[in-house]
1. Name the residues whose placed amide hydrogens come within less than 5 Å of the amide hydrogen of Thr488, ignoring near sequence neighbours (fewer than 5 apart) on the same chain.
2. Work out how much length Arg397 to His328 would gain on full extension: take 0.36 nm times their residue separation and subtract the Cα-Cα distance, in nm to one decimal.
3. Which part of the stretch 386-403 falls in the paramagnetic zone of Val448, meaning amide N under 19 Å from the point 7 Å along Cα-to-beta-carbon?
4. Would you mind computing, in nm to one decimal, how far apart the modelled labels at Asp243 and Ile86 are, each placed 7 Å from Cα along Cα→Cβ?
5. Quick one: which residues, 5 or more positions from His329 or on another chain, have an amide H under 5 Å from its amide H? H modelled 1.01 Å from N in the peptide plane, none for Pro or chain starts.
6. Highest mean first, how do 317-325, 221-229 rank when packing is the count of other Cβ atoms within 10 Å averaged over residues?
7. Taking each pair of distinct Cα atoms in the stretch 338-492 once, what is the resulting Kirkwood hydrodynamic radius in Å?
8. So for Ser38, Ser440, fewest C-beta neighbours within 10 Å to most, what's the order?
Amino acid sequence: MVMAVAATGLLSERWSTIVDDAAQLVAGTAATVCCFVSARRREGSARHWRVLMGLGMAGWTLGMMMWAFYRSILHTPIPSPSVADIGFFVLPFMAVPALVILANSKPGNTRRIAGRHFWVIALLDCLVIAGTLLSLSWWTALGAVAGSSELHSVLGLVVAASYPLTDFVMLAMMLLLWALGRFPPWARTQSRLLGVGIAMLAISDSLFAYLVYTGTAQIPIIADIGFIAGPAFVALAAVAADDPPEERRRRILGERVHLMIPHALIAAVGTGFVVALLLGWQLDPVAVGICLAIMLVGIVRQMYTLVENSLLIEQLHEAQSELSHRAHHDPLTGLANRNLLQSRIRRAVGADPTTGEPGGLGFAGLLIDLDDFKAINDRYGHQEGDAVLVALGERLRRAVRQSDTIARIGGDEFFILLENHPIPIESVVERVRRECFNDSFVIDGDEVRLGASIGVVTAHPRTGMSAEQLMLWADRAMYSGKRAGKGTTIYTLPDPSAASGPPLR
């Protein structure tokens, strides 16, 4: 509304300038006060970024006071460079660390990605964003400043070019942090308002530099709109309340938008470059170089992403294989667990005996329970006991074929599933006892012998029984042997008519 009044021509040129300068001072002062007051009610990083922005806006406001004093009271152009420039440059030096602190504030963004891939992509994205802003700044203000004949000193050139450059740095930082999804979900409103404020200041700074150094005699009041709206948005960001937790669907959509920003910028730069060529515009060599560099960075980024994605797919396959192995194997011995064993038994039970498929020659199961293994744990400790179980697992592997399934189904219980076994089961049991239990185990320097009770169940495919029932038959056989005397082997043939299976122990 202030700009509407000042730009309508209803006021004289002098009063329009006074209203314009007063509005900028009020906006800057409001932003400073809001930042400091709201910082007092907060703690930690949520307070720190507001203090930094308050200091930045305070410097900017002091610079604006000096500017207004020359323009509205002395009615003379302010010298360049001047003390006011120092105040204006305080803002970017405070705003950049404030943005970094806001991006890492608490309660913070739990999305923290580390690793080489993330930081390489972040660097390339930063180059894309920075290149795009530099290209835009060159086309609008920097190119005009660099080629201006109005600047008679090196210091004047540096100061003039520093305004759009520092704005470019703030915008690049803001867009990079937003593109990487670094702002916490609870600070969505605060970060967006702060970003709009910085963008408004940058637009007016660049527009002002362009108009001045292209020789514009009278700068329109409307060009100062960013100097009023920018601090106002900063004030709103400082007093804005925290956002509620966002929905998962909305968060995922936001992350996808973030991922598309670098690609959108590359597409925009490339499209602008092509349109300029088609229209026959005279292109600045520096602008052409910046555009080509942006597109080159985009190509490098895409190639690197493709390579990294292929590596990630390989790692995903390896992780899936590892998870599948852990889901079906005992973590201590590496043998099959109960889930894999039951799956193998179901395969054997369901095989067709007339086709030669697995289980066609019949199958057998050996349930092995170690005798008095608790005494070993009590005397030597569970660590030594686990070492014995691992060693026993290795002996069991050597005692049977590679195609047979060896499983650890309990603390000291093992099960061996023999599929398509052509030789008598008694010879297998004898070999298991000879290979696994004839030789002693060395535990803490002592030679200790293990005994085992074995329940053996033999069956043919299509028995009509479940894997659980067959394991229960083997379990009953083994415990009947324990009752008769330890170190025994009991053989049993399941009764298919016993649909309920043997009773649980």
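1. Residues meeting the amide H criterion: Ile454.
2. 23.2 nm
3. 386-396
4. 4.0 nm
5. When sequence neighbours closer than 5 places are left aside, the close amide H contacts are Asn337.
6. Result, highest mean Cβ count within 10 Å first: 221-229, 317-325.
7. 16.0 Å
8. Ranking Ser38, Ser440 by Cβ neighbours within 10 Å, fewest first, gives Ser440, Ser38.
Any read-out appearing in this document is the output of simple, stated calculations on the displayed coordinates, not a laboratory observation. Here the structure is a predicted model, which means the values were calculated and not measured. Because the Cβ atoms are built from the backbone with ideal geometry, glycine has one as well, and the counts that use them run over all protein chains shown.
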